[in-house]
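The structure appears right after this line, and notes come after that.
The values are calculated or read from the model by the stated rules, or taken from the named source; none is laboratory data. Keep in mind it's a predicted model, so treat the numbers as computed, not measured. Positions of Cβ are generated from backbone atoms using ideal geometry, with glycine treated the same way; all protein chains shown enter the neighbour counts. These area figures cover heavy atoms from the full protein model, side chains too; ligands, DNA and RNA do not enter into them. Shrake-Rupley method; radii C 1.70, N 1.55, O 1.52, S 1.80 Å.
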Amino acid sequence: MRKKTAIVLEPLQALLATCDDGVRGIRDRALLLLAWSGGGRRRSEVVSIQISDVRQLHTDTWLYTLGATKTDTGGIRREKPLGGTAAEALTAWLKAAPAESGPLFRRMYKGDRVGTAGLSADQVARIVQRRANLAGLDGDWGAHSLRSGFVTESGRQGVPLGEVMAMTEHRSISTVMGYFQAGSLLNSRATILMEGTDEFSS
């Protein structure tokens, strides 16, 4: 299967810049940031999060709970943190579309009307693709772009692999290492050895 283009920091910022202050823009911004900043969540995980799964820890920190995933059939629920800009985006979404229960991210209809039904996994992919198109980004974008981008950007910024895997919940080091190493090498001196010499002698 062809790998999706990784959404590292710069394309993420471009996607977010297309999200205006309308309700749809507020929703998409919160979704993109939770999926990316919250540990590169799979689209199935994003759409399964319920209102009851999120709680505010501090003004700038939320916790959200994940249930069973495709790599965890034991049904154990785990909490993950969401801070900074991502936490602010989630706060804005919950204020724009308050609800007592049901899916966290819900479908929208004409006139920016928020429904009660949750998004499907395919709709998460379409949101990513739509925002990429609006931003004028070249690449093969999809929901997995958020997950691979989180890992790649973590490598770029020197986040320890163990911390990355604690957030993504990858079980296989080999699965995550391809993205992580690619990100790490982007800032490696090994890629610019030619620029390390002032001049060549003839």
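Some observations on this one:
- Looking only at residues in the stretch 93-131 that are out of contact with any helix residue (DSSP H, G or I) (no Cβ under 7 Å at 6 or more places or on another chain) and part of a helix (DSSP H, G or I), the one that is farthest from Trp141 (Cα to Cα) is Lys95.
- Counted residues, the stretch 34-49 - those being closer than 18 Å to Thr5 by Cα, open to solvent by 10 Å² or more (accessible area, probe 1.4 Å) and not in a loop (DSSP other than H, G, I, E, B): 3
- Within the stretch 1-33, if we keep just the residues that are modelled with pLDDT under 95 and among the basic types (Lys, Arg), the residue that is most open to solvent (accessible area, probe 1.4 Å) turns out to be Arg2.
- On inspection, Glu88 does not qualify as at pLDDT below 95, of a type in the set (D, E, K, R) and within 18 Å of the chain's Cα centre (by Cα).
- Set side by side, the residues Gly25, Gly38 differ, and just one is touching a residue at least 24 places away in the same chain (Cβ under 8 Å) and either over 25 Å from Arg156 (Cβ atoms) or of a type outside the set (D, E, K, R) (or both), which is Gly38.
- Subset of the stretch 79-92 that is out of contact with any Asp or Glu (no Cβ under 8 Å at 6 or more places or on another chain) and not in a helix (DSSP H, G or I) - its residue that is surrounded by the most Cβ atoms within 10 Å (Cβ to Cβ): Leu82
- So Asp112, is it in contact (Cβ under 8 Å) with a residue 60 or more places away in the chain and over 13 Å from the mean Cα position of the chain (by Cα): yes
- Qualifying residue in the stretch 57-76 (condition: basic (Lys, Arg) and either modelled with pLDDT under 95 or under 13 Å from the mean Cα position of the chain (by Cα) (or both)): yes
- The stretch 128-152: number of residues that are charged (D, E, K, R) and surrounded by 24 or more Cβ atoms within 10 Å (Cβ to Cβ): 2
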